[in-house]
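Undergrad: Just passing along the structure, written as structure tokens.
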Amino acid sequence: MSEERSLNFLEEIIEKDLAEGTHDGRVLTRFPPEPNGYLHIGHAKSICLNFGLAKKYNGKTNLRFDDTNPVTEDTEYVESIKEDVKWLGFNWAEELYTSDYFDKLYEFAVTLIKKGLAYVDDSTSEEIAAQKGNPTEPGTPSPYRSRSVEENLRLFEEMKEGKYRDGEKVLRAKIDLASPNMHMRDPIIYRIKHAHHHRTGDKWCIYPMYDFAHGQSDSIEEITHSICTLEFIPHRPLYNWCIENLEIFPSKQYEFARLNMNYTVMSKRKLLQLVNENYVNGWDDARMPTISGLRRRGYTPASIREFCERIGIQKRENIIDVSLLEFCIREDLNKTSWRRMAVLDPIKMVITNYPEGQVEMLEGENNPEVEGGDGSRLLPFSKELWIEREDFMENPPKKFFRLGPGLSTRLKHAYIVTCNDFVKDESGNVTEIHCTYAPNSKSGNDTSGIMVKGTIHWVSVPHAKTAEVRLYERLFKVENPASEEGDFKEYVNPDSLQVISQAFIEPALADDFNPEHRFQFIRKGYFVMDKDSTPEHLVFNRTVTLKDSWAKEVKKG
RNA sequence: AGCCCGAUAGUAUAAUGGUAGUACGACGGUUUUUGGUACCGUUUGUCUUGGUUCGAAUCCAGGUCGGGCUACCA
């Protein structure tokens, strides 16, 4: 946390409240997900904001499930949301549910009716829509708008008692049919739904609408700063109207711009489609922008928090470049992950002057970024090695620093080798590379005086273990799939997942069976052991590649 | 159409009436037993037209562009 960073607009508001003694210097925020889907990176922004603000100003944050619509909500989502918030590193003060307040909310509605500020309407949904008018023309009163308080009280109670079918009646606030704000034209505040609720069961058959539940829930909890996204700005007058007319604790709503990121989609509806239509393998597919997907991909909580810190908080629409997220995870993993060697696309190399049957155990530091290397592991070295196919070129260009006829290169943590020969099969594919090594060029003990520019990774053939490796690319081919013509799913990248069923890995990688452990496969990228792994069948997911300036060089031609 | 919100390099984000800065990206270089990391450098910006002011990214007015709202979703 940099002390010098300037305040965002919400911090300014809070500091002003603190300075003026509003709420006696108390700060209480809340994170209010609806349990109808998995959390994604956009929610992470909101989580970091709400919990971060509270932490910064010695306040607290409630986790409140906004569960007012029983037909879309489920405990499966409650559990995943709790797990994701915890995984991100945040602790809520209280775990609450809007459904905890259904009794109180019902009483609030009764209060409004008694004040002549709400009425039961028998109009159909189409009729109500028509009554709303349009932005240029005022709405027209429902024929039921002038029902007496007594009648409204009776009908509302009957609604609660289940005397009516779904949609037969609603409770509407009586506000202003001519308001330029459509939300103020007698909004529906209670509707009938004979549906089983994941927490209250069958106790209720009427449920409050968002606008009649959210502000009051904030107020009941005495939330000081209720932070939501921009699309709720037009709801704010209604939020305030409810609180004022109910004469309850004056929580205040503030809005910030939601996160958008390129090469992905960020709406629960679209993510649900990708899951349901099998474009991905579930909500936690490593290509998904969900928290659980990012976790499976190998992202760390710290990297996501850092990302949220860097993107800032503002009110303008934005589309963040995914390269910033990738920067954050590389920055974290570079400092924390152990280096290991894995050959993903193998070709055999034979060291012709290395004694047959000889094995040397070479030492390799775990992480050069850490003082002392963060310990080390032993690497078996022998006459036959697997190396990466792309590290050999039959006709290498001038600036190619790896292997080719007559070229020398360093084997990481081992010796310098020089390529003398190679073998091709009938169809012209290179199948084997023959090299000689310089015995006095051993890493850490090099007296050969040979200077090479390149270093490549390798795995000893007789000692190699195998693993499945999943290489991920961005899920979409275009920057903003949601804004393209046609169905966004047409823009799914068909190469977003490439499975290598048998890669060769150094033995140390197999010694320590530990799903979710993250490694850097030297020169190939950061990888995480997937939860599908068993000790007999290891699976690694590529989190992100290393920056590759050679690839750029090649691209330029 | 009416109302609401917004507009600073490619993308984000500062500058709160006083030198337009930072990060990511891109480009170039130094170092390097990872073509990684680290370090150095280069590039590109205040939507527009007026006004207020000694001085405007900032304040005011008009325009333009982008987004939102007109669900018995949240």
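The values are calculated or read from the model by the stated rules, or taken from the named source; none is laboratory data. Just so it is clear, the structure is predicted and the values come from calculations on it, not from any experiment. When we count neighbours, we look across all protein chains shown, and the Cβ atoms used for this are built from the backbone with ideal geometry, even at glycine. Heads up: the accessible areas ignore ligands, DNA and RNA and are worked out on the full protein's heavy atoms, side chains in. Shrake-Rupley method; radii C 1.70, N 1.55, O 1.52, S 1.80 Å.
Undergrad: I want the antiparallel fraction of DSSP beta bridges within chain A, as a percent rounded to 5.
TA: Numbers: 55 of 82 bridges.
Restricted to chain A, the bridges split so that about 65 percent are antiparallel.
Undergrad: Please name which of A:Y97, A:I243, A:T68 has its Cα lying farthest along the dipole of region A:9-258 towards the positive end, using unit charges on Cβ (Lys, Arg +1; Asp, Glu -1) and the Cα centre as origin.
TA: The residue sitting farthest along the positive end of the dipole is A:I243.
Undergrad: Along the principal axes of its C-alpha atoms, what lengths does chain A span, in descending order and rounded to whole Å?
TA: Extents along the principal axes, in whole Å: 102, 54, 43.
Undergrad: Charges only on Cβ, +1 for Lys and Arg, -1 for Asp and Glu: so what's the dipole of region A:9-258 about the Cα centre, in debye to the nearest 20?
TA: Details: 31 positive and 43 negative charges, 43 e Å.
Dipole size: approximately 200 debye.
Undergrad: May I ask for the angle, rounded to the nearest 10°, between helix A:102-114 and the longest principal axis of chain A, with both axes built from Cα atoms and the value confined to 0 to 90°?
TA: Rounded to the nearest ten degrees, it is 40.
Undergrad: Number of Lys pairs in region A:120-264 with C-alpha atoms less than 25 angstrom apart, excluding same-chain neighbours closer than eight positions?
TA: Close lysine pairs found across region A:120-264: 15.
Undergrad: Could you do me a favour and compute the accessible area per residue for chain A, 1.4 Å probe, result in Å²? Could you put the intermediate results ahead of the total?
TA: Working: 25670 Å² over 557 residues.
Roughly 46 Å² per residue, with all protein chains present.
Undergrad: Something else now. What part of the accessible area of chain A, given as a whole %, is carbon or sulfur when the probe is 1.4 angstrom?
TA: On the way: 12180 of 25670 Å².
Here it works out to 47 percent.
Undergrad: Further question on the same structure: Setting aside same-chain residues fewer than 8 positions from A:K442, which lysines have a Cα under 22 Å from its Cα?
TA: Filter leaves A:K348, A:K383, A:K412, A:K453.
Undergrad: Taking the Cα atoms only, what angle lies between the long axis of helix A:41-56 and the longest principal axis of chain A, rounded to 10 degrees?
TA: Compared with the principal axis, the helix lies near 80 degrees.
Undergrad: Please list 3J(HN,Hα) in residue order for region A:531-548, calculated via the Karplus relation 6.51 cos²θ - 1.76 cosθ + 1.60 where θ = phi - 60°; whole Hz, with x for glycine and proline.
TA: Rounded to whole hertz, the list is 6, 6, 5, 10, x, 8, 9, 8, 10, 10, 9, 7, 6, 6, 6, 7, 5, 10.
Undergrad: Let me ask something additional. Could you pull out every Cys in chain A that lacks a partner Cys with its beta carbon under 4.7 Å away?
TA: Result for chain A is A:C205, A:C228, A:C242, A:C328, A:C419, A:C435, no neighbouring Cys Cβ within the cutoff.
Undergrad: Could you order peptides A:424-436, A:323-335, A:35-47 by the average number of other Cβ atoms within 10 Å of their residues, highest first?
TA: Packing proxy ranking, top to bottom: A:35-47, A:323-335, A:424-436.
Undergrad: Which translational diffusion coefficient, to the nearest whole µm²/s, is obtained for region A:9-258 from the Stokes-Einstein equation, given a Kirkwood hydrodynamic radius over C-alpha pairs, 25 °C and 0.890 mPa s?
TA: Numbers: Rh = 19.1 Å.
Using the Kirkwood radius from Cα pairs, D works out to 128 µm²/s.
Undergrad: Related question: Run through the DSSP bridge list for region A:342-457 and note the antiparallel percent, rounded to the nearest 5.
TA: Working: 21 of 28 bridges.
Roughly 75 percent of the beta bridges in region A:342-457 run antiparallel, per DSSP.
Undergrad: While we're on this one: Can you classify region A:189-260 as rounded, prolate or oblate using the Cα gyration tensor, where a ≥ b ≥ c are the square roots of its eigenvalues, rounded means a/c under 1.5, and otherwise it's prolate if a/b beats b/c and oblate if not?
TA: prolate
Undergrad: Rounded, prolate or oblate: pick one for region A:302-409, where a ≥ b ≥ c are the square roots of the eigenvalues of its C-alpha gyration tensor, a/c under 1.5 means rounded, and failing that, prolate if a/b is larger than b/c, else oblate.
TA: Numbers: a/c = 3.82, a/b = 1.88, b/c = 2.04.
Taking the square roots of the gyration eigenvalues as a ≥ b ≥ c, region A:302-409 is oblate.
Undergrad: What does the net charge come to around A:Q253 if you take all other residues with beta carbon closer than 9 Å to its beta carbon, with K and R at +1 and D and E at -1? Let's see the in-between values first.
TA: Details: positive: A:R236, A:K252; negative: A:D218, A:E255.
For residues surrounding A:Q253, the net value is 0.
Undergrad: What 222 nm value per residue comes from the helices of chain A, counting each DSSP H run with n ≥ 4 as -39,500 (n - 2.57) and dividing by all residues, nearest 500 deg cm²/dmol?
TA: Numbers: 14 runs with 152 residues, N = 557.
It comes out at -8000 deg cm²/dmol, rounded to the nearest 500.
Undergrad: Just going by the charge dipole of region A:404-463, with Lys and Arg at +1 and Asp and Glu at -1 on Cβ, which of A:G428, A:T409, A:P462 is farthest out on the positive end?
TA: A:T409
Undergrad: With the Cα gyration tensor of region A:342-457 giving a ≥ b ≥ c as the square roots of its eigenvalues, does the rule (a/c under 1.5 for rounded; else a/b larger than b/c for prolate; else oblate) give rounded, prolate or oblate? Show your work: numbers first, answer last.
TA: On the way: a/c = 1.66, a/b = 1.58, b/c = 1.05.
Prolate, since a/c reaches 1.5 and a/b exceeds b/c.
Undergrad: On to the next question. Using Cα atoms only, what is the angle between the long axis of helix A:149-161 and the major principal axis of chain A, expressed in degrees (0 to 90) to the nearest 10?
TA: Roughly 40 degrees between the two axes.
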